[in-house]
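Scroll down for the structure; my scribbles are underneath it.
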Amino acid sequence: MSDAPMNEGRPPRANLSVPHADALDKAADVEGRSLWQDAFRRLQANRAAMISAIVLIVMAFVCFVGPVLVPWSYEEIDWDILEAAPPNFDTGHYLGTDSLGRDLLARILQGGQVSFLVGILATSVALVIGVTVGATAGFMGGRVDQVLMRFVDVMYAVPLMFFIIILMVVFGRNFYLMFLAIGFVEWLTMSRIVRGQTLTLKNKEFIEAARASGGSTISIIARHIIPNVLGVVIVYVTLTIPQVILLESFLSFLGLGVQPPMTSWGALIAEGAQEMEITPRTLVLPAVCLSTTLFCFNFLGDGLRDALDPKDR
Amino acid sequence: MTSVLEIDKLFVSFATPDGAVEAVTGVSLSVEAGECLGLVGESGSGKSQTFMAAMGLLADNGTATGHIRLDGINLLSATEKQLNKVRGERIAMIFQDPMTSLTPHMKIGRQLSEVLIEHQGADKETGRRRALEMLDRVHIPEAERRLDMYPHELSGGLRQRVMIAMALMCEPEVIIADEPTTALDVTVQAQILDLLTEVKDNLGAAIVLITHDLGVVAGLADRVAVMYAGRIVEQGTVGDIFATPTHPYTQGLLACTPRLDVETEELVTIAGQPPNLQNLPTGCSFHPRCPHVFDQCKAQRPSLEKMPGGQARACFHAAMGAAE
Amino acid sequence: MWAYFTRRLFIAIPTLWVVITVAFFLMRLAPGGPFDQEAPLPPEIMANLKAAYGLDQPLWWQYVNYLGNLLQGDFGPSFKYKDFSVTELIGQGFPVSIQNGAAALFLAVLVGIPLGAMAALRQNSGADHAAMTVAMTGIVIPNFVVGPLLALVFGIWLRETMFALPVAGWNNGALPNRILPVICLALPFIAYIARITRASLIETLRTNYVRTARAKGLPFRMVVLRHAFKSAMIPVVTYLGPATVFLLTGSMVIETIFGLPGIGRYFVQGALNRDYTLVMGVTILAASLVIFLNLLVDMAYAWLDPKVRYE
């Protein structure tokens with residue numbers, strides 16, 4: 001049997017179950033066009049994802065800058081009204097007021113701040129824990145891996161939502177604790193993904209090369225593993241943010257999240273649901289904001305996944 | 001003899017985000033009953049896609065034009081329903097990767113017998129009996145027991161034997177073997193080739209052997225066609241091709257096949273890279289890698305010309321040599 | 001295989017114990033107690049109440065007592081619903097929740113799988129895009145938004161028509177009272193299952209063995225149903241494990257919105273009211289449910305993929 005000459009320079013590629021590693025491989029083959037440039041080009045071609053990104057940036061900007069321009073603050077009660085009034089430009093309530101006479105627009109913007117903050121902060125918590133645990137388990141292997149992953153397994157079997165609620169009750173519905181509590185729940189999947197990626201990467205040639213040339217474990221993790229896991233992590237982060245925002249709204253809806261006079265979209269929806277017969281606007285407006293945000297994050301996440309994983313083309 | 005399967009001016013192209021890729025350009029081939037045709041070429045030369053088109057198994061973004069006739073039926077214009085009457089019954093295919101080509105959640109026996117049940121309306125009992133016969137025929141030990149096994153319980157070589165048995169179930173007129181040995185260990189490769197030889201001798205079916213490996217072709221094929229960048233560059237009997245290769249690409253392939261009877265210092269390779277199908281060189285696609293290239297090769301594309309002995313090649317250089 | 005499942009059951013016991021212990025002590029850390037009211041009770045009444053419920057004992061003794069009672073199937077008395085034991089409350093609430101959950105899951109599988117499969121078979125067609133946009137909508141619009149909106153439409157706007165549906169109360173499980181809650185609970189599942197089915201079936205249809213099946217000349221319908229479908233269902237089954245957790249949290253919202261007497265609502269009320277024993281009881285029940293259903297999912301795996309062998 002001849003050693004096929006035409007196959008030269010193209011080792012048969014094993015069918016990897018993790019597609020992203022394959023994507024990285026391919027990027028290495030193509031000279032001059034890095035994975036990131038390639039992915040960005042594909043992302044730009046995805047109209048839904050690009051529109052979503054723009055909408056999200058605009059919404060975040062409006063939520064954080066808008067309150068400065070709105071004549072009322074979110075907690076201020078308009079003593080001349082004291083009920084749910086329709087939109088009125090003379091009084092400065094551009095979207096009307098809620099049942100206590102507070103400005104609905106100001107409250108929606110403040111709720112948006114909470115949602116975006118929760119999305120970013122809680123996801124960061126999840127990210128740090130998840131990547132640390134996952135990369136450590138995957139790279140160290142052996143007993144460390146077993147212990148960490150068994151722990152993750154056990155955590156999966158626990159209905160964590162119940163624990164978040166208990167935690168919220170225990171610590172008096174502390175605003176910042178909520179970020180921590182949510183982050184603590186969301187890191188599990190992240191750690192599994194990162195571990196899987198690390199395991200496939202670990203045995204690749206370039207890691208062996210780095211090890212052979214005397215790189216320390218920490219420097220290999222920091223300089224070779226993490227940058228290569230980044231693509232998957234970015235995708236997962238984009239998909240985690242809406243889950244976290246949803247979780248916060250859920251807690252606030254049940255009255256367990258953000259406490260008055262502060263508000264969030266979930267809390268506004270809960271209030272609006274009480275009055276939907278008279279003023280559907282108080283339910284619909286925050287609901288639209290929340291859904292749009294979740295929609296955009298999901299589209300962006302899907303777009304990023306398609307861009308970073310060329311397998312589907 | 002008349003040919004069972006006839007391919008006439010076949011074009012296959014794939015739509016990709018970066019434009020159309022022409023995988024097969026104007027290929028004409030035919031196979032006769034009882035004959036084995038070896039189709040040789042490197043990956044991307046279009047050799048597999050030629051017969052994927054015949055089976056109606058092109059990927060969704062692929063389109064084929066031209067004619068592929070099996071006993072007068074044009075397979076390219078056949079409906080899915082008409083194709084299904086032919087596939088498995090009259091024309092069968094053996095794939096490259098036996099590890100992933102069998103359905104993991106179905107028992108071997110059922111995967112074999114369903115071909116017969118579908119095409120010949122056999123009952124389960126007959127199907128199973130025939131499946132057993134076929135497993136015996138491809139020399140699978142303890143065939144009875146294997147019928148009730150799942151694919152992952154068999155080795156790669158055994159699985160490829162199962163694939164062959166599956167292709168034989170309806171005793172088809174044409175068997176297409178697409179790189180049947182590539183994924184297997186060297187020792188197993190030889191056994192599978194022996195088995196294919198046996199099938200050819202006993203069954204009288206036409207066999208198309210698609211491979212990148214001239215060594216495989218030498219033992220099994222009667223005729224050989226060499227493909228490069230979607231076209232046939234040389235065609236002839238196996239004896240002619242090995243004895244007097246005329247196209248520089250064929251010569252190159254032969255030179256880099258290690259031979260036991262000739263002592264060499266090092267492995268020879270063909271210089272350069274396989275061509276990019278989206279950006280083919282002008283003229284002869286092989287010219288950037290050809291040792292005998294001259295001006296005409298860059299300007300014009302040579303056509304496949306038949307020589308007196310029946311051998312055919314598409315090469316200006318070879319034509320000049322013959323004329324001199 | 002049975003050995004494996006028996007062992008899994010044994011691992012479940014320590015997991016449950018951790019859940020119980022953490023939940024127990026967390027609840028007790030909470031500031032305030034179950035008997036806090038707007039007007040504080042006189043100290044001697046408070047002391048009597050605490051003594052009656054054993055809350056004057058040292059914490060570790062309460063814990064041991066609780067575990068002991070638990071082993072006998074006694075979740076203790078509810079602190080807020082004074083005349084009921086937690087066991088009784090769960091006995092009333094659990095059937096409501098489990099009926100709604102099962103109906104929602106059934107509906108989700110019944111609608112989600114065909115929807116996803118159809119989208120996969122017509123990949124990139126208009127029908128595919130439409131189905132997947134609807135699915136995405138089902139995922140991103142949370143059911144605490146959908147619930148009130150459905151109530152608005154069917155309970156208020158359509159009140160005078162034949163489409164009117166009750167939007168609150170259980171009414172002993174009368175069918176009309178169940179429709180909106182079950183649909184509301186099922187929507188996100190339908191969406192998820194449709195998406196998972198689509199992605200998985202598309203991937204399966206690209207496998208080599210599906211190509212083999214097509215090369216055999218089997219009709220496409222048979223190729224899909226016999227050769228592709230079973231493997232394509234593996235991710236869907238995987239999802240059913242986490243889905244049960246979703247179902248539990250979903251029921252908190254749905255039961256609150258529609259005023260159903262299920263365990264989800266009891267849990268939320270219990271948490272808000274510091275009803276220690278009720279919260280504990282529901283948490284333990286939920287944890288057991290999750291563990292049990294994950295086990296069922298594992299068993300389904302073995303059937304779907306013969307390569308899976310539990311040692």
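The values are calculated or read from the model by the stated rules, or taken from the named source; none is laboratory data. Worth saying up front: this structure is predicted, and the values here are computed from it rather than measured. For neighbour counting, all protein chains shown are included, and Cβ atoms are generated from backbone atoms with ideal geometry for every residue, glycine included. We work out accessible area using only protein heavy atoms, side chains counted, and drop any ligands, DNA or RNA first. Shrake-Rupley method; radii C 1.70, N 1.55, O 1.52, S 1.80 Å.
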(message) For a quick check of understanding: with a 1.4 angstrom probe and all protein chains in place, what accessible area in square angstrom does C:Lys230 have, to the nearest ten?
(response) 50
(request) Can you spot the lysines whose alpha carbon is less than 29 Å from C:Lys50's alpha carbon? Ignore those fewer than 8 places along the same chain. (result) C:Lys80, C:Lys82
(message) Run through region B:70-153 and list the GluC sites (Glu not before Pro) located in a DSSP loop whose Cβ has at most 11 other Cβ atoms within 10 Å.
(response) B:Glu142
(request) Go ahead and set up a Gaussian network model of chain C, Cα springs under 10 Å, then flag whichever of C:Thr277, C:Thr212, C:Thr133 fluctuates most. (result) C:Thr212
(message) List the residues, sorted by chain then number, that are 5 or more residues from B:Leu29 or on another chain and whose placed amide H is less than 5 Å from its amide H.
(response) B:Ile7, B:Asp8, B:Lys9
(request) Return the lysines within reach of B:Lys81: Cα separation strictly under 20 angstrom, same-chain partners fewer than 8 residues apart disregarded; answer none if there are no such residues. (result) C:Lys216
(request) Take the alpha carbon gyration tensor of region C:49-89, find the square roots of its eigenvalues, order them as a ≥ b ≥ c, and report rounded if a/c is under 1.5; if not, report prolate when a/b exceeds b/c, else oblate. (result) oblate
(request) List the residues of region B:57-87 whose accessible area drops by at least 50 Å² when all protein chains are present, compared with their chain alone, using a 1.4 Å probe and counting only protein heavy atoms. (result) B:Leu57, B:Asn84
(request) Averaged over every viewing direction, what's the projected area of the C-alpha convex hull for the protein assembly as shown? Give it in nm², one decimal, please. (result) 49.7
(request) Over region A:35-312, calculate the relative contact order: mean separation of alpha carbon pairs under 8 Å at least 6 apart, over the residue count, as a percent. (result) 25
(request) Starting from the Cα-Cα distance between B:Asp222 and B:Gln278, subtract it from 0.36 nm times their residue separation and give me the gain in nm to one decimal. (result) 16.8 nm
(request) Just tell me how shielded B:97-107 is by partners: mean number of partner chain Cβ atoms within 10 Å of each residue's Cβ, no decimals. (result) 6
(message) What's the magnitude of the charge dipole for the protein assembly as shown around its Cα centre, counting Lys and Arg as +1 and Asp and Glu as -1 at the beta-carbon? Answer in Debye, nearest 20.
(response) 700
(request) Taking all protein chains together and a probe of 1.4 Å, list C:Met118, C:Met252 from the most accessible to the least accessible. (result) C:Met118, C:Met252
(request) List the residues of region C:132-154 that lose 50 Å² or more of accessible area once all protein chains are present, compared with their chain alone (1.4 Å probe, heavy atoms only, no ligands or nucleic acids). (result) C:Met136, C:Val140, C:Phe144, C:Val145, C:Pro148, C:Leu152
(request) Inverting the mean 1/r over all pairs of different Cα atoms, compute the Kirkwood radius of region A:35-312 and quote it in Å. (result) 20.8
(request) Run the quick spin-label model on C:Gln57 and B:Glu142: label points 7 Å from Cα toward the beta carbon, then report their separation in nm to one decimal. (result) 6.2
(message) Just to confirm, what accessible area per residue do you get for chain C at 1.4 Å probe, in whole Å²?
(response) 46
(message) Could you sort C:Asp305, C:Asp56, B:Asp295 by their accessible area in this structure, using a 1.4 Å probe and putting the largest first?
(response) B:Asp295, C:Asp56, C:Asp305
(request) Mind listing the long-range amide H neighbours of B:Gly38? Cut-off is under 5 Å, sequence gap 5 or more, other chains count too, H placed in the peptide plane at 1.01 Å from N. (result) B:Leu209, B:Asp222, B:Arg223, B:Val224, B:Ala225
(request) Could you run the Karplus curve 6.51 cos²θ - 1.76 cosθ + 1.60 with θ = phi - 60° over region A:111-127 and give me ³J(HN,Hα) per residue in whole Hz, x for Gly and Pro? (result) x, x, 4, 4, 4, 5, 4, 4, x, 7, 5, 5, 5, 4, 4, 4, 5
(request) On a 0 to 90° scale, report how tilted helix B:186-203 is relative to the longest principal axis of chain B, with both axes built from alpha carbons and the result rounded to the nearest 10. (result) 80
(message) Given Cβ point charges of +1 (Lys, Arg) and -1 (Asp, Glu) and nothing else, what value in debye, to the nearest 20, does the dipole of region A:35-312 about its Cα centre take?
(response) 1520
(message) Within the protein assembly as shown, what whole-number % of the accessible surface is contributed by carbon and sulfur, with the 1.4 Å probe and all protein chains included in the calculation?
(response) 60
(request) May I ask you to list the trypsin sites (Lys or Arg not before Pro) in region C:96-178 that are in a DSSP loop and have at most 14 other Cβ atoms within 10 Å of their Cβ? (result) C:Arg122, C:Arg159
(message) Give me the net charge for the shell around B:Val31: Cβ to Cβ below 11 angstrom, other residues only, Lys and Arg +1, Asp and Glu -1.
(response) -4
(message) What's the total accessible area buried between chains A and B, using a 1.4 Å probe, rounded to the nearest 100 Å²?
(response) 1200
(message) Using a 1.4 Å probe on the protein heavy atoms only, what accessible surface does C:Thr238 show? Give it in Å² to the nearest 10.
(response) 60
(message) Just to be sure I understand the model, the point goes 7 Å from the Cα along the line to the Cβ. What's the resulting C:Thr21 to A:Ile57 distance in nm?
(response) 5.1
(request) State, in square angstrom and to the nearest 100, the accessible area buried between chains C and B, both chains counted, probe radius 1.4 Å. (result) 2200
(request) Quick one: of B:Lys9/B:Lys306; B:Lys9/B:Lys47; B:Lys47/B:Lys298; B:Lys107/B:Lys200, which pairs are farther than 22 Å apart, Cα to Cα? (result) B:Lys47/B:Lys298; B:Lys107/B:Lys200
(request) Please calculate how many Å² of accessible area region B:34-107 carries per residue, with a 1.4 Å probe and no DNA, RNA or ligand atoms counted. (result) 35
(message) With θ taken as phi - 60° and the coefficients 6.51, -1.76 and 1.60, list the Karplus ³J(HN,Hα) couplings across region B:78-89 in order, rounded to whole Hz; mark glycine and proline as x.
(response) 6, 6, 4, 5, 5, 4, 5, 6, 8, 4, x, 8
(request) Give the accessible surface of region A:35-312 per residue, rounded to a whole number of Å², with probe radius 1.4 Å and ligands, DNA and RNA excluded. (result) 43
(message) What distance in nm separates the two pseudo spin-label positions at A:Leu177 and C:Leu225, each 7 Å out from Cα along the beta-carbon direction?
(response) 5.7
(message) What FRET efficiency comes out for A:Gln274 versus C:Ala164 if R0 is 22 angstrom and r is the Cβ-Cβ distance? Round to the nearest 0.05.
(response) 0.60
(request) Kindly identify residues of region A:238-269 having a loss of at least 50 Å² in accessible area between the isolated chain and the assembly of all protein chains, probe radius 1.4 Å. (result) A:Phe250, A:Phe253, A:Leu254
(request) Order B:Thr181, B:Thr2, most accessible first, counting only protein heavy atoms with a 1.4 angstrom probe. (result) B:Thr2, B:Thr181
(request) Apply the membrane-span-like helix rule to chain C: whole DSSP H runs, Cα extent along the own long axis of at least 30 Å, mean Kyte-Doolittle hydropathy at least 0.5. List the helices found. (result) C:2-29, C:86-121, C:175-205, C:234-258, C:276-304
(message) As a test of the definition: with a 1.4 Å probe, what buried accessible area, both sides summed, do you compute for A against C, in Å² to the nearest 100?
(response) 3500
(message) Using a 1.4 Å probe on the protein heavy atoms only, what accessible surface does C:Met46 show? Give it in Å² to the nearest 10.
(response) 50
